[in-house]
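The structure appears right after this line, and notes come after that.
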Amino acid sequence: MFTLHEPLDDASRDALNAYDDLTAALLARRGVTTAAAADAFLNPSYDLHVHDPLRMTDMPKAAERFARAILQKEKIAVWSDYDCDGIPGATLLHDFLTKAGANFVTYIPHRHLEGYGMNMHGVESLAKDGASLLVTVDSGITDLAPVAHANALGIEVIVTDHHLPGEQLPDAYAVVNPNARKNEPYPFHGLCGSGVAWKLVCAALAVSPELRARIPVGWEKWLLDMVALATVADMVPLCDENRVLVWYGLVVMRKSPRIGLQKLCRTARCEQRTLTEDDIGFMLAPRVNAASRMGDARGAFELFTTNDEARADELAKHLEKLNRTRKSEAGAITRAVHARLKERIEMPSVIALGDPEWRPALLGLVANSIAEEFSRPVFLWGREGDATIKGSVRSGTVNALELMRGARDAFVEFGGHAASGGFTAHEDAIFTLEEKLVSALARLMVSTDEDSSLSRADIDIAPAEVTHALLKKLQRLAPFGIGNEKPCVRMRAVVVRTVSQFGKGGEHRKICFASGETDTLDGIVFFARGALVQTIDSITEGDAVHILAHLERDMFSRGRPVRLRLLAIAKADRT
């Protein structure tokens with residue numbers, strides 16, 4: 001049932017002869033097939049592998065204007081998004097501008113009251129406050145009207161963003177976005193919004209000797225803690241330059257004196273000195289995002305920028321409370337969705353449900369769990385503070401953006417990617433939304449078979465081979481993420497010793513496998529759903545099973561043993 005990847009070809013094996021078979025195969029599967037590329041991948045170098053920011057279109061003029069505004073004490077407005085890409089970007093610009101002695105203000109729109117991107121009211125308030133330069137972070141690329149309004153009010157705008165543009169670019173002083181133009185000369189297009197903002201900092205220091213004189217050489221590397229946080233949280237590809245930035249960013253995070261980061265790690269029960277990309281993605285980022293999902297994002301921004309230990313402690317605890325509330329509310333919505341689905345005689349090929357009382361900011365989280373459970377696209381909507389109908393879609397089987405295009409008449413606007421997206425729906429369209437999406441799916445004639453990549457492993461091992469040495473070898477390829485997924489191991493006919501549940505509602509599963517005559521090996525699944533949990537719950541002591549899993553260190557057990565993060569299970573008697 002679970003197959004191995006194709007073996008390494010002879011040419012690649014010869015090129016990677018400095019590495020053992022497993023490491024060479026893992027590198028080749030990531031497109032790393034030369035000795036030079038392998039050295040760059042396994043040994044990231046800040047000096048060699050971070051690209052020149054001035055190669056990005058409009059960056060030279062943006063950097064010169066930014067530096068001039070700092071030196072001449074112009075009022076600079078930083079307009080950032082409210083998520084865990086925008087907040088870190090606002091933080092790193094705050095730190096840089098403070099260090100440079102700039103005159104500036106940070107504007108973070110309220111998610112529920114103002115929505116995403118620039119808006120007229122905010123621009124007008126900044127103009128009244130005397131701003132003459134506005135720098136966006138992780139937003140602005142589609143804000144044509146607000147940028148034009150800023151120009152009319154005497155504010156020049158530098159857009160720093162990474163999102164895809166609309167049919168035309170905003171009429172800004174500079175548009176710095178590696179994804180904004182077809183013939184962009186910058187060699188890497190996968191930066192997150194905070195990454196682009198950090199590039200502006202580096203470029204400003206490069207073009208202005210006077211500004212450089214104010215900032216110690218290399219100080220800008222300390223801002224990489226925020227770049228790493230945002231890059232992992234925003235799920236951009238963890239390859240090329242992003243890999244370098246996150247690698248160094250994790251080094252900074254592990255020893256960062258940033259009091260807010262220290263407090264956030266403590267409340268999330270993360271060990272700062274051993275932080276990993278998993279800690280960022282599963283522990284830190286959700287708490288930062290909880291600020292805007294459940295209230296005002298400025299609490300997260302203040303946490304990272306304050307030097308007051310007592311205030312940082314208060315803010316970190318507040319984010320922890322918001323995150324718990326977020327989990328509770330998302331859980332309530334999930335239960336409501338389940339209740340409605342149970343009433344159905346037949347499950348549609350696309351699930352589309354909503355309620356005016358549901359908070360739109362939480363629906364992506366819920367839609368993701370429902371889509372995983374039922375293996376089909378899920379659209380959930382609620383009513384935003386401005387009374388508009390907004391929602392989220394998650395889909396692991398069908399291109400979500402293409403599906404929305406197939407039912408475009410139902411939407412005021414929509415956007416996203418293959419696996420996820422957001423939308424604003426017409427008030428009268430919500431009653432027929434599911435029907436239209438089901439029809440759109442039928443027209444697309446897209447197969448909903450699971451992608452075979454899930455069933456491919458990198459290596460066959462026995463339970464006794466799960467060791468710290470093997471984990472260390474696999475972790476040479478970290479940090480892992482989109483474009484650099486964790487290596488996957490396969491085990492065949494492993495004997496089950498025990499199966500148990502844990503968590504408040506028994507939502508997690510733990511299987512203890514035999515490893516030799518007396519030893520055991522633990523495998524876990526957090527928030528078990530769909531076919532995986534059904535298979536686990538059908539297993540009993542003594543069963544033999546085939547396994548696909550990642551290896552990880554159990555940070556909460558004595559000795560921090562290596563355990564399995566289970567991805568898929570099948571009974572051994574199945575073919």
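Against the condition out of contact with any Pro (no Cβ under 8 Å at 6 or more places or on another chain), surrounded by fewer than 23 Cβ atoms within 10 Å (Cβ to Cβ) and assigned by TED's automatic domain parsing to the domain that holds G193, how does D129 come out, does it pass? Yes: the conditions hold for D129. If you go through the range 233-261 and keep only what is more than 14 Å from the chain's Cα centre (by Cα), among the acidic types (D, E) and crowded, with 20+ Cβ neighbours inside 10 Å, you end up with just E241. Residues in the range 488-523 that are buried (at least 18 other Cβ atoms within 10 Å of the Cβ) and in contact with a His (Cβ under 8 Å, 6 or more places away or on another chain): C488, V489, R490, M491, V494.
What about D428, is it in a helix (DSSP H, G or I), at pLDDT below 95 and over 17 Å from I351 (Cα atoms)? Spelling it out, D428 is indeed in a helix (DSSP H, G or I), at pLDDT below 95 and over 17 Å from I351 (Cα atoms). Only residues that are part of a loop (DSSP other than H, G, I, E, B) and not aromatic (F, W, Y) were counted in the range 519-542, giving 7.
Among the residues of this structure, I389 counts as one that is touching a Gly at 6+ places or on another chain (Cβ under 8 Å) and crowded, with 20+ Cβ neighbours inside 10 Å. Only a single item in (1) out of contact with any strand residue (DSSP E or B) (no Cβ under 8 Å at 6 or more places or on another chain); (2) of a type outside the set (D, E); (3) buried (at least 18 other Cβ atoms within 10 Å of the Cβ); (4) not in a helix (DSSP H, G or I) is not met by M347, and it is number (3). Restricting attention to the range 197-232, the residues that are surrounded by 18 or more Cβ atoms within 10 Å (Cβ to Cβ), farther than 14 Å from L92 by Cβ and of a type outside the set (V, I, T) total 2. Residues satisfying the criterion are present in the range 531-540 (criterion: over 25 Å from S375 (Cα atoms) and exposed (fewer than 15 other Cβ atoms within 10 Å of the Cβ)). Scanning the range 70-85 for residues that are surrounded by fewer than 21 Cβ atoms within 10 Å (Cβ to Cβ), free of Cβ contacts under 8 Å to residues at least 40 places away in the same chain, of a type in the set (K, R) and in a helix (DSSP H, G or I) turns up nothing. Take the conditions (1) under 22 Å from H338 (Cα atoms); (2) buried (at least 18 other Cβ atoms within 10 Å of the Cβ); (3) more than 20 Å from the chain's Cα centre (by Cα); F411 misses just one of them, which is (1).
Checking D278, D296 one by one, the residue that is within 15 Å of N323 (Cα to Cα), in contact (Cβ under 8 Å) with a residue 24 or more places away in the chain and of a type outside the set (K, R) is D296 and no other.
With respect to (1) touching a residue at least 24 places away in the same chain (Cβ under 8 Å); (2) farther than 29 Å from K263 by Cα, the lone exception for T325 is condition (2). Within the range 417-435, being surrounded by fewer than 19 Cβ atoms within 10 Å (Cβ to Cβ), more than 18 Å from S375 (Cα to Cα) and touching a helix residue (DSSP H, G or I) at 6+ places or on another chain (Cβ under 7 Å) holds for H426, A429. Restricting attention to the range 171-186 and to residues that are more than 20 Å from G416 (Cα to Cα) and either polar (S, T, N, Q) or touching a helix residue (DSSP H, G or I) at 6+ places or on another chain (Cβ under 7 Å) (or both), the residue that is surrounded by the fewest Cβ atoms within 10 Å (Cβ to Cβ) turns out to be N183. All conditions in (1) modelled with pLDDT under 85; (2) aliphatic (A, V, I, L, M); (3) farther than 30 Å from P7 by Cβ hold for L454, with the sole exception of (3).
The single condition among (1) surrounded by 16 or more Cβ atoms within 10 Å (Cβ to Cβ); (2) assigned to a helix (DSSP H, G or I) that A339 does not meet is (1). Here M555 clears all of (1) part of a loop (DSSP other than H, G, I, E, B); (2) more than 25 Å from E271 (Cβ to Cβ) except the condition numbered (2).
Selection of the range 510-534 for residues being within 16 Å of F556 (Cβ to Cβ) and not hydrophobic (A, V, I, L, M, F, W, C) yields K510, D522, G523.
Filtering the range 361-377 for residues that are at pLDDT 90 or above and within 13 Å of L433 (Cβ to Cβ) leaves a non-empty set.
Selection of the range 127-136 for residues being under 14 Å from A152 (Cα atoms) and under 30 Å from the mean Cα position of the chain (by Cα) yields L133, L134.
The values are calculated or read from the model by the stated rules, or taken from the named source; none is laboratory data. Note that the structure is predicted; figures quoted are calculated from it, not measured. Positions of Cβ are generated from backbone atoms using ideal geometry, with glycine treated the same way; all protein chains shown enter the neighbour counts.
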